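A short write-up of the structure that comes next.
The values are calculated or read from the model by the stated rules, or taken from the named source; none is laboratory data. All of these numbers come straight from a predicted model, not from anything done at the bench. FYI the Cβ positions are ideal-geometry reconstructions off the backbone, even for glycines, and counts take in every protein chain you see. When the accessible area is computed, the model is the full protein with side chains, heavy atoms only, and any ligands, DNA or RNA have been set aside. Shrake-Rupley method; radii C 1.70, N 1.55, O 1.52, S 1.80 Å.
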Amino acid sequence: MAKTADAKTKVYSKYGREIYVCAKSGGIDPSGNLTLRGLIDRAKKDQVPGHVIEKALDKAKGGGGEDFAPARYEGFGPGGCMVIVDCLTDNPNRTFGDVRLCFTKTKCKIGTPGTVSHMFDHAAILAFKSADEDAVLEALLTADVDVTDIENEEGKITVFAPQADYAKAKQALTDLLGEIDFEADEIQFVPRGATKISGDDIALFEKFLDMLNELDDVQNVFHDAEY
């Protein structure tokens, strides 16, 4: 029970921090800040209580509170897989030390910015129920969205576009289909390939991920490991 409660608190804290930063930089009105709207929708799907969301928005509105800034670390995990760790931190030195410890304790190698990110696409991913792929694609192209990929599986369409086109893509889809219940609505690093890991490296990799996810400053971990 305690472990479940702890995991929930971590999820709430991560969303709270992300909503605060997003609202502070792009405005606290979700109708004018599409990134924030997507983030709030995702938080609700993950059962983050309303008071957690409101508190983060109030903090952003007040302009006070902690000053979190994004920090990104890259490197190689067990078996040579590529890893990107995205953080929000109010103390970059502490965060770097904590993340580096996760790398060194699991025989991984932290690199400099750009070490592996060129092997990932920074993509906006939007997934929703719809059968009309042609209409969706036409609406996106008309809105000048540079669609990098579109998948249609059993009535679910997944659109991949450059991160810079996220708001444009979301607006075009909403204009076409009205209010959409997005199954995926996020910006992620998508690996261009995969690194197969096996044997002891699998257990080490899982330990590495667990250690990173236990850090409050870590928001997301992206990798190309396959096992």
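When the residues of the stretch 30-42 are filtered to those that are touching a Lys or Arg at 6+ places or on another chain (Cβ under 9 Å) and in a loop (DSSP other than H, G, I, E, B), the one that is surrounded by the fewest Cβ atoms within 10 Å (Cβ to Cβ) is S31.
Residues that are among the charged types (D, E, K, R) and not in a helix (DSSP H, G or I) were ranked within the stretch 96-111; the one that is most open to solvent (accessible area, probe 1.4 Å) is K107. Output the residue which, of all residues in the stretch 169-197 that are within 27 Å of S117 (Cα to Cα) and open to solvent by 80 Å² or more (accessible area, probe 1.4 Å), is nearest to the chain's Cα centre (by Cα). Per the stated criteria, the residue is E183.
Quick grid of which residues meet (1) in a helix (DSSP H, G or I); (2) modelled with pLDDT under 95; (3) more than 18 Å from N220 (Cα to Cα):
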residue: N93; (1), (2), (3): yes, no, yes
residue: P113; (1), (2), (3): no, yes, no
residue: D121; (1), (2), (3): no, yes, no
residue: D144; (1), (2), (3): no, no, yes
residue: N152; (1), (2), (3): no, yes, yes
residue: F160; (1), (2), (3): no, no, yes
residue: K170; (1), (2), (3): yes, yes, yes
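In the stretch 71-95, which residues are open to solvent by 10 Å² or more (accessible area, probe 1.4 Å) and farther than 16 Å from L209 by Cα? Those that are open to solvent by 10 Å² or more (accessible area, probe 1.4 Å) and farther than 16 Å from L209 by Cα: A71, L88, D90, N91, P92, N93, R94.
What tally of residues in the stretch 43-90 results from selecting those that are in a loop (DSSP other than H, G, I, E, B) and of a type in the set (S, T, N, Q)?
Of the residues in that region, 1 qualify.
Tell me the residue from E226, E206, E214 that is surrounded by 14 or more Cβ atoms within 10 Å (Cβ to Cβ), modelled with pLDDT of 90 or more and either among the small types (G, A, S) or more than 18 Å from D41 (Cα to Cα) (or both), please. Before the answer, list the steps.
Numbers: E226 fails: surrounded by 14 or more Cβ atoms within 10 Å (Cβ to Cβ); E214 fails: surrounded by 14 or more Cβ atoms within 10 Å (Cβ to Cβ).
Result of the check over E226, E206, E214: E206.
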